[in-house]
Every structure is written in C-alpha cells, then in structure tokens.
1. 5 Å is the cut-off here: which amide hydrogens, built 1.01 Å from N in the peptide plane, fall below it relative to Ile106, excluding neighbours closer than 5 in sequence?
2. Sort segment 49-109 into rounded, prolate or oblate with this rule: let a ≥ b ≥ c be the square roots of the eigenvalues of the Cα gyration tensor; rounded if a/c is under 1.5, and if a/c is not under 1.5, prolate when a/b is larger than b/c, oblate otherwise.
3. What spacing in nm lies between the two simple spin-label points modelled at Lys17 and Gln146, each 7 Å away from Cα in the Cβ direction?
4. Pulled fully out, how much extra length does the chain show between Thr44 and Ser96, if you take 0.36 nm times their separation in residues and subtract their Cα-Cα distance?
5. So, with +1 on the Cβ of K and R and -1 on the Cβ of D and E, and no other charges, what is the size of the charge dipole of segment 61-121 about its Cα centre, to the nearest 20 debye?
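What follows draws every value from the coordinates through simple rules; no lab data is involved. The model shown is predicted, which means the values in this text are computed figures rather than measured ones. No Cβ is skipped: glycine too gets one built from the backbone with ideal geometry, and neighbour counts run over all protein chains shown.
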Amino acid sequence: MLLAVQPKKILKTVLPKYLVYNIQSLLYKISNSHVKGFNLHLNTPDRHVLEEIIIPYFIHRKEFYKILFVGCDWFTKPYNGYFKNKEYWTIEIDESRKKYGSPRHIVDSFLNLSNYFDNNYFDVIVYNGVFGWGINNREDTETSFQQCFQCLRSGGILV
C-alpha cells in the first residue's frame, strides 16, 4: 500500500506553532528579497512553464489587462511585480495567505467569485494547483468552472 502524505501537513502537526510561524515568515522574507540576484521560486515543472512561458505571454499583451490568480502562497508573491502594469487580482480562502496575494486580494472561496465581479470582467483567470486545496469534489469543480466562465469576458482565457 502506497501512502502519500503532504510534508507541510506533517510539519504543522509535529512542530510547535511558533516554529512553523518562524519558518513561514523566513520563507516569506526570502521570497520577497533579491539578495545578490537570489530569487526563490517553487521549482516544479508546472511553475516553470507558468513563470517562464505563460506569465510573460500575458505581461506583454495589452488585450490581457484584468488578471485573476486563484490561490496564493509564498511562491506567488513575486507575481505582484510581474503584473505591476495590469489590474492583478488574487483570491484565496485562507486568510493567512493574504500577505502573498495582490493588493487587490479577496479572502473567500473561489466558488463565490461572482459575488465580487460582474459577468465578463476578467481577461485571464489562472486556476493552477487548486484541486484538493479547497476545490475538493465534483460539485465544487463544476461550480468553480461555472464561476470562471461567468466572470471571463468573451475571448478571455482560462489557464
């Protein structure tokens, strides 16, 4: 039998809260600093494609101005700088992650997106790494896609 466990969950269970907080604070500070060219990124294939191909594509095109990222964590903090000339939004259900989001941040479930935006509002919605982290079943998944297509403009892009 294969047992798959999230290291972050184990550490939060085993380590004292103050130590977990200190580690998270350190990662936050590192992710926001540029010390002699040092920049911290989540080194996974999907993040590489997102940060090296997808994000630059949207940055350099004027027709993609209103951008929403669903979910945020320490590795998304630099995205504020990437989208400094765009109307960049984030939505995250976990209030403690607000510090990693956009200045235009919403603390709520993505399932409630249409409570905040008119139909056809966004040019781009980036919906990466959310399944199993708040969107956990078929009904939530279907509702989340309904929210995407309701809030995306005609010709908008869902990543």
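1. Amide H neighbours of Ile106: Thr90, Ile91, Glu92.
2. Because a/c hits 1.5 or more and a/b exceeds b/c, segment 49-109 counts as prolate.
3. According to this spin-label approximation, the distance is 3.7 nm.
4. Result for the pair: 16.4 nm of gain on full extension.
5. 380 debye
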